[in-house]
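*Asks:* Structure provided below as structure tokens; questions to follow.
The values are calculated or read from the model by the stated rules, or taken from the named source; none is laboratory data. Just so it is clear, the model here is predicted, and its values are computed rather than measured. Cβ sites come from the backbone with ideal geometry, for glycine too, and all protein chains shown count toward neighbours. Just so you know, the surface numbers come from the protein's heavy atoms only, side chains and all, with ligands and any DNA or RNA stripped out. Shrake-Rupley method; radii C 1.70, N 1.55, O 1.52, S 1.80 Å.
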Amino acid sequence: MTTTLTPIPFVDLKLKQQAIQSQIEQAIQAVVDKGDFILGQVLGEFETAFAAASGAQYGIGVACGTDAIALGLQACGVGQGDEVILPANTFIATAIGVLHSGATPVLVDCDPQTALIDLDAAQKAITPKTKAIIPVHLYGQMVSPRALMELANTHNLVIFEDAAQAHLAQRSGYRAGSVGMAAAFSFYPSKNLGAFGDGGMVMTRSENVAQKMKSLRNYGAPKKYVHMELGTNSRLDTIQAAILNVKLPHLEDWNNDRNFAAQQYDTWLLPLREHGIIPIENQCEQGHVYHLYVLRVTEECVVDRDTLQAKLSELGVQTGIHYPIPCHLQPAYKHLGYSEGDFPMAEMLSRQILSLPMYPGLSNDQVNYVVAAIKSVLGIN
Ligand SMILES: *Cc1c(COP(=O)(O)O)cnc(C)c1O
């Protein structure tokens, strides 16, 4: 095939921003004029709006998603001496958050079809010390709320959602952020709802957790009484909140755009199973917000994942790998005591997964081009 089409980027953050650029500039200027850069008025407005859109009672803006996990767990009463279950195939920040809360991360394997946490494996990992479970709504698809609640209720566990890739995702009538006691979001620029820098939020249904969070993010300064927690400085900047507030009303459209592009990918790629190309399964249809569109390049494929990625790059198609090394094999986490072979599904996925271009505004022609490029590498017409 020819490479006459312009290269297809992995993400294009500017595409949808152009239409709201002047609104964003006005919103930034308004904060500058007002001067309430820290814990300002628009922060409160955005916290309320995003929590409401997600079906949660309270939103507490913090500096980044990693802090949202660390502080959110602390606010839920999780810390030293507690074990927290999380999947081995998540972004490392999930594990960092647990460690920063003072708790001990306990990794478990994933379901290779969905890449989501394997709840049977989670159940087997429960000990008397297990306090919480972190379902990571990986790639924009929620872990089943019903199955999660059943497990958590049976074993008296706190559910703390890592919703950093799942803004406004839905499953079984629940929005990401409304399933557990609390949830963490990230506004890293390339997330479905991204700031012009770092940002994050803890969402919760509990007034008690919300109060603790407000203290923890603000040097542990209590509003009403003295807390025992050691606080820190981790707030979402008012300017970032103002930007996010302009973007929020568009988020559902953008997510629908992603879902539509994913359906196009599925249409053309699901029939390639016999050629060893297997898209990660979508179990929540329209509710999947496709932060990433990920497929597996299995052993049945004529090329391996790295070769496919390299050849696609030559054809102008940028791809990514999320993530190439599971948490338990990362050098910094040796002390957790895991070794190769402990989580075979997570390890297999790390060798097979490839993330295709995905962003709101990705056109049908572009999707078709990506699919044609994959087929040409595989030698299929
Ligand atoms: C992005 C991300 C985080 C961390 O968010 P930051 O804002 O980068 O700290 C945590 N968990 C998952 C699954 C993520 O994708």
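*Asks:* Taking region 156-165, which residues are under 22 Å from Phe343 (Cβ atoms) and assigned to a strand (DSSP E or B)?
*Replies:* Ile159, Phe160, Glu161, Asp162
*Asks:* Quick one: Ala221 ticks every box in (1) more than 20 Å from Ala184 (Cβ to Cβ); (2) outside the structural domain of Glu207 (by TED's automatic domain parsing); (3) open to solvent by less than 80 Å² (accessible area, probe 1.4 Å) bar one, so which box is it?
*Replies:* (2)
*Asks:* Under 21 Å from Ala166 (Cα atoms), of a type outside the set (Phe, Trp, Tyr) and open to solvent by 10 Å² or more (accessible area, probe 1.4 Å): does that describe Lys247?
*Replies:* yes
*Asks:* Same structure again: Quick one: which residue in Ile60, Ile20 is open to solvent by less than 40 Å² (accessible area, probe 1.4 Å) and assigned to a strand (DSSP E or B)?
*Replies:* Result: Ile60 is the single residue among Ile60, Ile20 that is open to solvent by less than 40 Å² (accessible area, probe 1.4 Å) and assigned to a strand (DSSP E or B).
*Asks:* Something else now. Of everything in region 193-214 that's in contact (Cβ under 8 Å) with a residue 24 or more places away in the chain and open to solvent by 10 Å² or more (accessible area, probe 1.4 Å), which residue is nearest to the ligand (Cβ to nearest atom)?
*Replies:* This residue is Asp198.
Residue-wise test of (1) over 30 Å from Gln17 (Cβ atoms); (2) in contact with a Pro (Cβ under 7 Å, 6 or more places away or on another chain); (3) without any contact (Cβ under 8 Å) to a residue 60 or more places away in the chain.
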position	(1), (2), (3)
Ser339	yes, no, yes
Phe343	yes, yes, no
Leu349	yes, yes, no
Ile353	no, no, no
Leu356	no, no, no
Pro360	no, no, no
Asn368	no, no, no
Val371	no, no, no
Leu378	yes, no, no
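*Asks:* Return the total of residues in region 73-90 being within 13 Å of the ligand (Cβ to nearest atom) and within 21 Å of Tyr139 (Cα to Cα).
*Replies:* Selection size over region 73-90: 5.
*Asks:* If I filter region 166-180 down to residues being more than 12 Å from Pro135 (Cβ to Cβ) and in a loop (DSSP other than H, G, I, E, B), which single residue comes out as farthest from the ligand (Cβ to nearest atom)?
*Replies:* Only one residue fits best here, namely Gly173.
*Asks:* Report whether or not Tyr338 is at pLDDT 95 or above and within 16 Å of the ligand (Cβ to nearest atom).
*Replies:* no
*Asks:* Mind checking which residues of region 284-325 are within 16 Å of the ligand (Cβ to nearest atom), buried (at least 19 other Cβ atoms within 10 Å of the Cβ) and part of a loop (DSSP other than H, G, I, E, B)?
*Replies:* Across region 284-325, the qualifying residues are His288, Val289, Tyr290, His291, Leu292, His322.
*Asks:* Show me the helices (runs of 4 or more DSSP H) entirely contained within region 91-155 in which 2 or more residues are away from the ligand (no atom under 16 Å from the Cβ) and at pLDDT 95 or above.
*Replies:* Output list reads 119-124, 145-155.
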